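This report refers to the structure that appears directly beneath it.
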Amino acid sequence: STVSKAARDLINAQTPPNAQPSVTDASLKKSAIGPGYTAIPLPAFVYNRNEGAWIGALMPIFRANAQGHIEDIYAPLYLHNDLIGETFTFNYFGYRSDTRQYHAIVSYATKVERSIDLSYKDISFGGGRYIVSLQANAGKSAFNRFFGFGNRAGEQKESNYALGDTNLKAGVGVNLGHSLSLLATERLRFVSIGNGVVSSLPQTRRAFPTAPGLDGATILGQSLTFAYDSRDNQLTPLHGTYATLMAEHLDNFETDNRDEWWRLTAEARNFLPHFDDRAVLVTHALLDALPIDSKGLVLHGVPFYERPTLGGETTLRGFGRGRFVGSYALLLNVEERVSVVHRSIMGNVVEVELAPFLDCGRVDRHLTTHHTFGNLQYNPGLGVRVLARPNIAGRLDVAYGRDGAAVYVGLDYPF
């Protein structure tokens with residue numbers, strides 16, 4: 001759900017996913033609440049185009065071992081949103097080694113939204129040779145939008161729906177060496193569709209009665225992902241390349257004829273430092289496609305929430321999440337991250353970055369048409385980031401697209 005994602009962003013920005021941070025700052029030690037424990041009260045603010053503002057407070061409690069390495073993080077979170085009222089969330093994150101992590105998140109709102117999320121991951125299982133990943137989550141989110149299909153779906157067609165979503169996922173992989181890995185994943189998803197909470201918008205079920213997937217879905221998928229990662233850091237990279245190629249086969253058991261389809265996803269991020277490492281040129285490219293026959297028969301039965309989408313803080317930042325839906329999505333982000341402030345504050349090196357960017361992309365029914373690189377949706381924008389490497393402290397992205405301006409506030413880089 002939105003709240004679970006916000007909580008993960010807020011906590012993960014404090015702790016890299018594959019590292020054990022140390023409690024060494026004297027200012028943190030002053031707030032210790034007991035042997036091995038440190039508490040840091042923080043304001044919490046999240047905003048995006050679909051949900052509006054979330055305002056509240058977060059209290060991360062860190063437990064360090066005798067060496068000063070954080071092994072456990074407990075983080076109660078309170079947020080208020082005008083549409084769903086008060087939300088109470090408890091987060092737990094465990095870091096028992098540099099390569100093994102797990103978390104548990106439980107969230108409940110006074111209206112509609114609730115979720116539970118459990119996960120375990122070890123990228124160096126069996127002496128460093130293997131990768132093991134397990135995840136289970138279930139919940140209901142109230143703010144989902146649907147505008148119809150295609151790159152030209154108009155803003156005046158906006159509708160909203162609530163999404164009940166349960167996911168079970170298990171992955172096993174192998175580290176091949178030289179920054180290469182191979183991961184096989186099995187996932188099971190149960191989906192139900194209900195009414196959204198935005199009374200000023202029509203309900204998706206009434207606005208798009210023929211959209212596939214409105215009666216829910218039971219989806220089983222098997223994927224194989226090949227990855228290359230030469231980045232110097234997973235959260236705040238200055239140089240290197242991260243690329244993945246995934247092929248997934250899916251079945252929807254909810255339909256009488258048991259719809260089947262394939263999904264192919266290729267993604268790449270490149271980080272090029274220059275000006276004596278004071279700036280980094282970042283490029284991000286994505287191709288997400290559903291291969292179909294010439295008549296589009298396979299595509300016809302694919303639920304709209306299982307199709308490639310663009311819009312949101314990691315794709316087209318001038319639009320809301322899931323703004324454009326199609327049978328393929330093509331995306332390019334170009335961002336120049338320039339360090340403008342670099343100073344030591346209370347023993348920590350803090351940086352402020354300005355990041356002008358341009359996002360462009362499109363969705364459509366067929367990939368190989370003369371429109372593939374035409375009629376693009378695009379949005380220029382400017383990002384401001386406050387960093388405490390190797391952890392990101394805050395992010396503000398402002399962009400302007402066809403629907404107007406959009407603002408995303410959160411933690412971690414968009415890509």
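Brief remarks follow.
- Hey, residue 393 modelled with pLDDT under 85, open to solvent by 40 Å² or more (accessible area, probe 1.4 Å) and assigned to a strand (DSSP E or B) or not: yes
- Residues being out of contact with any Gly (no Cβ under 9 Å at 6 or more places or on another chain), modelled with pLDDT under 95 and more than 19 Å from residue 281 (Cβ to Cβ) - total across region 235-259: 3
- Any chance residue 366 is at pLDDT below 90 and exposed (fewer than 15 other Cβ atoms within 10 Å of the Cβ): no
- Meets criteria (more than 21 Å from residue 412 (Cβ to Cβ) and modelled with pLDDT under 90) for residue 342: no
- Check on residue 184, closer than 20 Å to residue 250 by Cα, over 20 Å from the mean Cα position of the chain (by Cα), assigned to a strand (DSSP E or B) and of a type outside the set (Asp, Glu): yes
Per-residue answers, yes or no, for (1) aromatic (Phe, Trp, Tyr); (2) open to solvent by 20 Å² or more (accessible area, probe 1.4 Å); (3) more than 18 Å from the chain's Cα centre (by Cα):
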{"site": "305", "(1), (2), (3)": "yes, yes, no"}
{"site": "310", "(1), (2), (3)": "no, no, no"}
{"site": "316", "(1), (2), (3)": "no, no, no"}
{"site": "326", "(1), (2), (3)": "no, no, yes"}
{"site": "336", "(1), (2), (3)": "no, yes, yes"}
{"site": "340", "(1), (2), (3)": "no, yes, yes"}
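- Restricting region 66-96 to residues that are more than 22 Å from the chain's Cα centre (by Cα) and open to solvent by less than 30 Å² (accessible area, probe 1.4 Å), the residue that is nearest to residue 133 (Cα to Cα): 72
- Selected residue (only one of 151, 144 is in contact with a strand residue (DSSP E or B) (Cβ under 7 Å, 6 or more places away or on another chain), open to solvent by less than 40 Å² (accessible area, probe 1.4 Å), in a strand (DSSP E or B) and of a type in the set (S, T, N, Q)): 144
- Condition met for residue 104 (without any contact (Cβ under 8 Å) to a residue 24 or more places away in the chain, farther than 30 Å from residue 325 by Cβ and outside any loop (DSSP other than H, G, I, E, B)): yes
Conditions tested, residue by residue: (1) touching a Pro at 6+ places or on another chain (Cβ under 8 Å); (2) at pLDDT below 85.
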{"site": "64", "(1), (2)": "no, yes"}
{"site": "70", "(1), (2)": "yes, yes"}
{"site": "97", "(1), (2)": "no, yes"}
{"site": "112", "(1), (2)": "no, no"}
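- Flag if residue 182 is without any contact (Cβ under 8 Å) to a residue 60 or more places away in the chain and either in contact with a strand residue (DSSP E or B) (Cβ under 9 Å, 6 or more places away or on another chain) or open to solvent by 60 Å² or more (accessible area, probe 1.4 Å) (or both): yes
- Within region 189-217, the set of residues being part of a strand (DSSP E or B), out of contact with any helix residue (DSSP H, G or I) (no Cβ under 9 Å at 6 or more places or on another chain) and either under 16 Å from residue 153 (Cβ atoms) or open to solvent by less than 50 Å² (accessible area, probe 1.4 Å) (or both) comprises 203 only.
- Residue in region 116-135 that is open to solvent by 40 Å² or more (accessible area, probe 1.4 Å), closer than 19 Å to residue 219 by Cβ and under 22 Å from the mean Cα position of the chain (by Cα) present: yes
- Considering region 269-291, and only residues there that are open to solvent by less than 40 Å² (accessible area, probe 1.4 Å) and within 23 Å of residue 183 (Cα to Cα), the residue that is farthest from the chain's Cα centre (by Cα) turns out to be 290.
- Among residues that are open to solvent by 80 Å² or more (accessible area, probe 1.4 Å) and either among the hydroxyl-bearing types (Ser, Thr, Tyr) or at pLDDT 95 or above (or both), residue 108 is included.
The values are calculated or read from the model by the stated rules, or taken from the named source; none is laboratory data. Keep in mind it's a predicted model, so treat the numbers as computed, not measured. Don't worry about glycine lacking a Cβ; one is built from the backbone with ideal geometry, like all the others, and counts go over all protein chains shown. Surface accessibility is based on the protein's heavy atoms, side chains included, excluding ligands, DNA and RNA. Shrake-Rupley method; radii C 1.70, N 1.55, O 1.52, S 1.80 Å.
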